[in-house]
Amino acid sequence: MVNYKDLGLVNTRDIFAKAIKGGYAIPAYNFNNMEQMQAIIQACVETKSPVILQVSKGARQYADKFILRNLARGAVEYAHELGCDIPIVLHLDHGPNFEVAKDCIDNGFSSVMIDGSSLPYEENIALTKQVVDYAHKFDVTVEAELGVLAGVEDEVSAAESHYTKPEEVVDFTRKTGCDSLAISIGTSHGRCKFTPEQCTRNADGILIPPPLAFDVLAEIEKQLPGFPIVLHGSSSVPIQYVKMIEQYGGKIPDSVGIPEEQLRKAAKSAVCKINIDSDGRLAMTAIVRKVLAENPGEFDPRKYLGPARDELKKMYMHKNIDVLGSAGHALD
Ligand code: G3H
Ligand code: 13P
Ligand code: ZN
């Protein structure tokens with residue numbers, strides 16, 4: 001058993017309370033390897049932002065849970081070495097069942113998500129409560145989800161999203177005791193968040209998505225004043241990375257994300273955690289493709305992973321400063 005406090009990590013309780021009060025959101029960036037972790041920590045130290053390092057079930061399978069835990073421990077030391085002890089959370093993203101959540105809690109995670117959103121309401125409550133009861137013994141915080149996001153959610157995939165029903169949130173949070181709630185208001189996972197038919201096109205042919213359901217968010221806030229709300233599927237799918245990937249041989253048609261101004265608006269509300277994974281994948285892929293296309297003789301991974309890491313850092317800094325507003329809040 002390894003407790004997160006021994007790794008220098010924090011849970012989400014205090015940082016969420018401060019984020020809601022301060023009108024900003026904490027970035028939750030997914031990572032699977034050293035370069036992603038370094039980019040996240042460099043960006044968050046330089047912008048003085050708290051951060052949630054997110055690990056999916058797929059990441060655990062890819063990188064090994066012990067390696068990821070030690071990367072998170074390394075992240076704490078790395079931040080210190082870079083000159084700012086920013087709050088760092090190690091969080092399980094889309095925990096699929098009690099066993100995986102427990103294994104994370106027993107192995108240094110300071111926060112877990114239990115994703116029962118595909119279950120019938122009462123079963124979601126029962127599963128979430130089981131995880132909360134275990135997690136709280138170790139002061140680990142728990143994110144739950146109500147409502148369904150379109151796209152792939154771990155191994156569950158849904159063609160359509162179902163917005164969170166505001167009339168359920170009080171009952172759900174009271175019965176489960178969860179610490180934060182992921183809701184569905186029109187975001188979705190991956191690089192194609194809307195079909196072209198759901199979008200309009202601007203004069204340059206760029207897809208413009210429909211707006212998020214801010215009325216549903218407002219109603220949820222009214223029902224649960226001051227309760228931490230989480231937005232998944234919040235990549236913006238930056239057009240420059242989509243273009244770069246296609247310029248250097250990739251094919252990623254119909255890519256469309258959540259416009260930054262909508263995330264900025266959400267971050268000012270009770271939304272205090274914003275999940276971003278796909279944008280990191282796009283930035284990394286764009287730069288790796290460019291470097292390899294321009295340097296066909298290159299075969300040293302440091303020569304393409306290094307520039308990819310630099311680009312990731314730049315992108316995360318931009319998000320912290322210009323979108324989530326978390327910059328400058330590490331030492332609140
Ligand atoms: O919500 C899903 C995250 O983007 C993680 O994706 O399961 O492929 O690691 P993954
Ligand atoms: P994106 O696919 O929009 O980056 O969402 C990531 C996410 O929600 C991880 O849980
Ligand atoms: Zn998600």
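Largest first, the extents of the alpha carbon coordinates of the range 61-220 on the three principal axes equal 48, 41, 29 Å. Taking every DSSP bridge with both residues inside the chain, close to 15 percent are antiparallel. Remark: relative contact order (the range 22-175) = 17 percent; criterion is Cα-Cα distance under 8 angstrom and separation of 6 or more residues.
Packing around the peptides 207-213, 93-99, 194-200, 294-300, taken as the average count of other Cβ atoms within 10 Å per residue, puts them in this order, highest first: 93-99, 207-213, 194-200, 294-300. Computed on protein heavy atoms with a 1.4 Å probe, the accessible areas place His318, His162, His91 in the order His162, His318, His91, largest first.
I need the Debye-formula profile for the chain: one equal scatterer per C-alpha, no solvent, reported as log10 I(q)/I(0) at q = 0.07, 0.13 1/Å, two decimals. Taking Cα atoms of the chain as identical point scatterers yields -0.26, -0.95. What number comes out for the charge environment of Gly83, summing +1 per Lys or Arg and -1 per Asp or Glu over other residues with Cβ under 13 Å away? Neighbourhood net charge equals -3.
The values are calculated or read from the model by the stated rules, or taken from the named source; none is laboratory data. Quick caveat, the model's predicted, so the values are computed rather than measured. Using ideal geometry, Cβ is built from the backbone for each residue, glycine included, and neighbour counts are taken over all protein chains shown. Just so you know, the surface numbers come from the protein's heavy atoms only, side chains and all, with ligands and any DNA or RNA stripped out. Shrake-Rupley method; radii C 1.70, N 1.55, O 1.52, S 1.80 Å.
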